[in-house]
1. Summarise the partner chain shielding of B:107-119 as one whole number: the mean count of Cβ atoms from other chains within 10 Å of each residue's Cβ.
2. 222 nm [θ] for the protein assembly as shown, helices only, -39500 (n - 2.57) per DSSP H run of 4+, per residue, to 500?
3. Where a ≥ b ≥ c are the square roots of the eigenvalues of the C-alpha gyration tensor, would you call the protein assembly as shown rounded, which needs a/c under 1.5, or, failing that, prolate if a/b is larger than b/c, or oblate?
4. As a footprinting exposure proxy, order B:237, B:126 by other Cβ within 10 Å, with the fewest listed first.
5. In what sequence, highest mean first, do B:149-156, A:266-273, A:242-249, C:26-33 appear when ranked by Cβ atoms within 10 angstrom?
6. Please identify, among B:26, B:180, B:106, the residue showing maximal mean-square fluctuation in a Gaussian network model of chain B using a 10 angstrom Cα cutoff.
7. If you fit an axis through the alpha-carbon atoms of helix B:164-174 and take the longest principal axis of the Cα set of chain B, what angle between them do you get, 0 to 90°, nearest 10?
8. According to a simple spin-label model (label point 7 Å from Cα along Cα-to-Cβ), what is the distance in nm between residue C:141 and residue C:80?
């Protein structure tokens, strides 16, 4: 009778893999050859992808406009510092809150939309915002970037240096804390309700579930996390330009999440590792050929690794060990 | 006043160009519910084929048009048979991601074959310069474009309404299962429709070479326009695509001329509003 | 002794444009009743259930649930007021396990799904209730795999278990035995009888053996109107019904 308790407990428990994952990031800090600036980028993309995972992997809503929230957070952090509020931690939280509020409003707008219409509306709204920001050069500095962005030292002590040591630890700490909260959230009844609405909204209605409220909330949460990722970018690079809001970025994060695997929360990081690492590799060669390989990865992923790299790798690992049911991972199909 | 009319005319012809490029996508999305974002890459291919035919085979511009059509049509046929048809049953997002992947690959492949910079095209004298029409100074090429576009639209409507194949296409768009139940070979019909639609995209790309820039990044710039025109017009509807193309074309040109700070905002605004008010598009079937 | 009316429709009418599906149906369900709705195909039985459960809005008329007017209420509001339903086609969560599905139903029932950081795994009594419910329906051994992989018969049982887990006061079953063998159908209705408790049950069925075996009262719908109502024996004997439906 208590096996069902164990079943649920297993899904909530931290696995060895998870602990190893986060430990690896800490260890990387102490390795002298680590490119900390690049690793920070990967973490930020990873967190950004995790924000989309809440929407796509858990709630089943595809979006072509996630960069809008990322950019809102990025610019909020920039404007705060420009107007004298240079403390990073509170700046991060405020940026997340602003993006979150916009997300709540967006949640009300996209209710009832599916498939292509949903993609087009998110795309359209994102493009509107990008266009506005890019053209309003007096307000935003346009493509040259917002002038006057400078961030005070973290906790008053750790300055943001050129090498990126402070930036890396700050980003890692923020990502970890946010991730822990999200992890708890998706293991809660709210997380299960998201999965239910993803699988069958009609059945959720007949269970009395407030699916509209849940959708608005997850949109707000997703936006807040994306906003915080954006703020981290601004704070660690002390720069923000319209590119953070671009459709390119929205498409990139969608690609990253799908390649990594949606619905597992860690897929975003796996995808970011693959994507950024490869992009960095190809930047040295001719950048236009980068598109070929990422396109190929995408085609291969949807053809063979329907659920992404993370479940494919996990599946390979599980088959190396005994095939019995050891730890039922959260069964999720993107 | 004459400037306004000229802008209107320019927007109209731009819209007609978008129509030729996008109509194939609308019909295949309406018929098979298959979101092929790589459609815009087919337009690019047509542009490159036309330019290559003119540069390396010495073919005239007018002759390069049917060559672009046929070449892209053949390529579309192969693409559909080899790759795309395996994904018909999958969900929207999978199709979107697959075809975006193909789009990315096309950008690099084209850069590899034809080089990264844009390809210029020279028009014959008969299509260059301007001509006076009713007190307005209109570009000859745009008049030509308008004529071709109208002819194509009429041909498509005639083809769909009056020919047997057209009736089969309409049946499949309306109700695939019922059409199949009537004995129609929908796989074959779709393969042929897809090929023709792809050919039209290629033709559109060839026609676009003189107005828009043909370079490897073409799909990245114009994907959004394709999607907007198809979703606003309503999938599966030729008339809807034409209407949406003209509205978007005029809106974009007129908007950018009169309110340059607003930039592309007009078309995005129109898209968002229409998608919220009427998600199936102006002339699409309600879900 | 007249039992209370738990569900009532008055003048319920539904038309789609010019097509009239339902013309002024007056219907009552009494507390604790087992009531079957039968009728030829196209009589509007499923439409009736959609109207009562709130997935369709009536053109005119009203629906009362437990004495409250729910005509304008959303499906969720009706569920909160005590309504439960199953669907003719399995409407389940393919990627969730039966344990997760029942747990989710219980969380919604107890209003525990606001965003929180407390893991579902910590809500032990609720999980115990979910496991016990599955066991009573004979699904204990299948609790942990994805629902999508369950055989059809077990999915059908889960469909009903899900609805009953909410402890509804009124349960609407749309062809619960659809696609099941005769034996499976009877087993399902036996489980229903055993586990429904005080719930008043309204079910649509085509299998006459099940109707006459488990219904206390029967309503016959035909052409969008109520043709007859009574005990199974009365209905069996009614000449109007026999002509319209049973064919002899």
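None of the figures in this text is laboratory data; all of them are computed from the coordinates on show. All figures in this text were calculated on a predicted structure; none of them were measured in a lab. Please note: Cβ atoms are built from the backbone with ideal geometry, for glycine as well, and neighbour counts cover all protein chains shown.
1. The mean count of partner-chain Cβ atoms within 10 Å per residue comes to 3.
2. Value at 222 nm, helices only, nearest 500: -19500 deg cm²/dmol.
3. Note, shape of the protein assembly as shown comes out oblate.
4. B:126, B:237
5. A:266-273, A:242-249, C:26-33, B:149-156
6. B:180
7. Taking the Cα atoms of chain B, the angle to B:164-174 is about 70 degrees.
8. Between residue C:80 and residue C:141, the simple spin-label model gives 4.1 nm.
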